[in-house]
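Coordinate-derived values only; no laboratory data. Because the structure is predicted, anything quoted here is derived from the model rather than measured. Every residue, glycine among them, receives a Cβ derived from its backbone with ideal geometry; neighbour counts consider all protein chains shown.
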Amino acid sequence: MITITAEKFAKMYVEKNPGEKFNEVKSNLKAALSRKKAGAVCGNCGEPIWAAGSAIVGFDGCFTCITGESDHSEDYEVYE
Ligand SMILES: [Zn+2]
């Protein structure tokens, strides 16, 4: 995964999705990240959650369960 701040991820996300609100996306990201740091796991398989994806889709899941893919080398994860 490519690690990125919640701030930068939110900025990129709203640029691609003009209907979304920057502050809302950023606070969802921060909330998902703190759940991850607290040990939240995917409700489906028990792997650590993918904070960036969980914030966007609205439920806590790992990368594979959210996207159906296993290669996450080009995807982003927030770290702060
Ligand atoms: Zn999973």
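Given only helices, namely DSSP H runs of n ≥ 4 each adding -39500 (n - 2.57), what is the per-residue ellipticity at 222 nm of the chain, to the nearest 500 deg cm²/dmol?
Rounded to the nearest 500, it is -14000 deg cm²/dmol.
What spacing in nm lies between the two simple spin-label points modelled at MET12 and SER34, each 7 Å away from Cα in the Cβ direction?
The answer from the label model is 2.4 nm.
Let me spell out the model: positive unit charges on the Cβ of Lys and Arg, negative unit charges on the Cβ of Asp and Glu, origin at the Cα centre of the chain. What dipole size does that give, in debye rounded to 20?
That gives a dipole near 380 debye.
If I fit a long axis through the Cα atoms of helix 22-37 and take the longest principal axis of the Cα atoms of the chain, what angle between them do I get, 0 to 90°, rounded to 10?
That helix lies at roughly 20 degrees to the long axis.
Quick one: net charge of ASP60's neighbours, Cβ under 13 Å, K/R +1, D/E -1?
+2
Among ASN28, TRP50, THR64, whose Cα sits farthest toward the positive end of the charge dipole of segment 2-79 (+1 at Cβ of Lys/Arg, -1 at Cβ of Asp/Glu, about the Cα centre)?
ASN28
In whole Å and largest first, what semi-axes does the C-alpha gyration tensor of the chain yield when each eigenvalue is scaled by 5 and square-rooted?
Output for the chain: semi-axes of 19, 14, 11 Å.
Take each of the peptides 2-15, 45-58, average the number of other beta-carbon atoms within 10 Å over its residues, and list them starting from the highest.
The densest-packed peptide leads the list: 45-58, 2-15.
Using the Cβ atoms and a cut-off under 15 Å, what net charge is assigned to the surroundings of LYS11, where Lys and Arg are +1 and Asp and Glu are -1?
Surrounding charge for LYS11 is 0.
Cα-based count: Lys pairs in the chain below 15 Å, eight or more positions apart or different chains?
Final tally of qualifying lysine pairs is 9.
Distance in nm between label sites at HIS72 and THR5, each 7 Å beyond Cα in the beta-carbon direction?
It works out to 2.2 nm between the two label points.
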